[in-house]
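Below: one structure, written as structure tokens.
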Amino acid sequence: MKPKIVVVDDDRLICELYAEHLIQNGFMAYTAFSVREALDRIKRHKPDLVLTDVIMPKETGFDLYKKVKLLSPELPIIFMTGYESDENTYVYLNKIGKKWVAKPVVLGELLELIRSELKK
């Protein structure tokens with residue numbers, strides 16, 4: 001069975017681009033454009049991994065992380081963040097010990113990171 005990934009980003013074009021790339025590389029991918037949609041996809045599809053943007057309107061990727069940890073503490077999460085993110089973002093990512101990639105994302109590196117996280 002193909003690994004399932006929920007891709008979360010408020011930028012629909014970027015979100016769909018990442019999902020399509022994952023599908024082309026042997027994954028099942030579900031898109032969500034907000035934390036609320038992401039939680040719905042997670043409950044419905046029981047993914048193997050969540051790939052989320054950090055900065056989104058209303059609720060952030062960190063808000064999603066906190067909610068996912070209550071639902072499914074072992075679910076791997078990879079964060080994406082833009083170069084313009086402030087130092088606090090990087091400090092928090094390192095503090096919680098989660099993997100992250102800088103935007104613009106290099107798709108080949110993202111695939112390697114996802115595969116690495118799924119092997120754990």
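Across region 9-15, computed HN-Hα scalar couplings (Karplus, 6.51 cos²θ - 1.76 cosθ + 1.60, θ = phi - 60°) run 7, 6, 7, 4, 4, 5, 4 Hz from first to last residue, x flagging Gly and Pro.
For region 1-81, what is the charge dipole size about the Cα centre, in debye to the nearest 20, if Lys and Arg each add +1 at the Cβ and Asp and Glu each add -1 at the Cβ? Provide the component values of the computation, followed by the final result.
Details: 12 positive and 12 negative charges, 84 e Å.
Here region 1-81 has a charge dipole of around 400 debye.
For Kirkwood radius over Cα pairs in Å, the candidate list reads [x] 14.9; [y] 14.1; [z] 16.4; the entry that matches the value derived from this model is [y].
The phi torsions of region 93-102, fed into the Karplus equation with coefficients 6.51, -1.76 and 1.60 and a -60° offset, translate into couplings of 4, 5, 5, 7, x, 9, 6, 8, 10, 8 Hz, rounded to whole numbers, with Gly and Pro shown as x.
The residue list Ala102, Phe33, Tyr65 was ranked by how far each Cα lies along the charge dipole of the chain toward its positive end, using unit charges on Cβ atoms, and Tyr65 comes out on top. Amide H contacts of Ala29: Ile5, each under 5 Å away and 5 or more positions distant or on a separate chain (H built 1.01 Å from N in the peptide plane; Pro and chain starts excluded).
Proximity of backbone amide H atoms, modeled 1.01 Å from N, is registered between Met80 and Thr52, Asp53, Val54, Val101 at under 5 Å, excluding neighbours fewer than 5 places apart on the same chain.
No lab work stands behind these numbers, since they all come straight from the coordinates. What you are looking at is a predicted structure, and each value in this text was computed from that prediction instead of being measured. Every residue, glycine among them, receives a Cβ derived from its backbone with ideal geometry; neighbour counts consider all protein chains shown.
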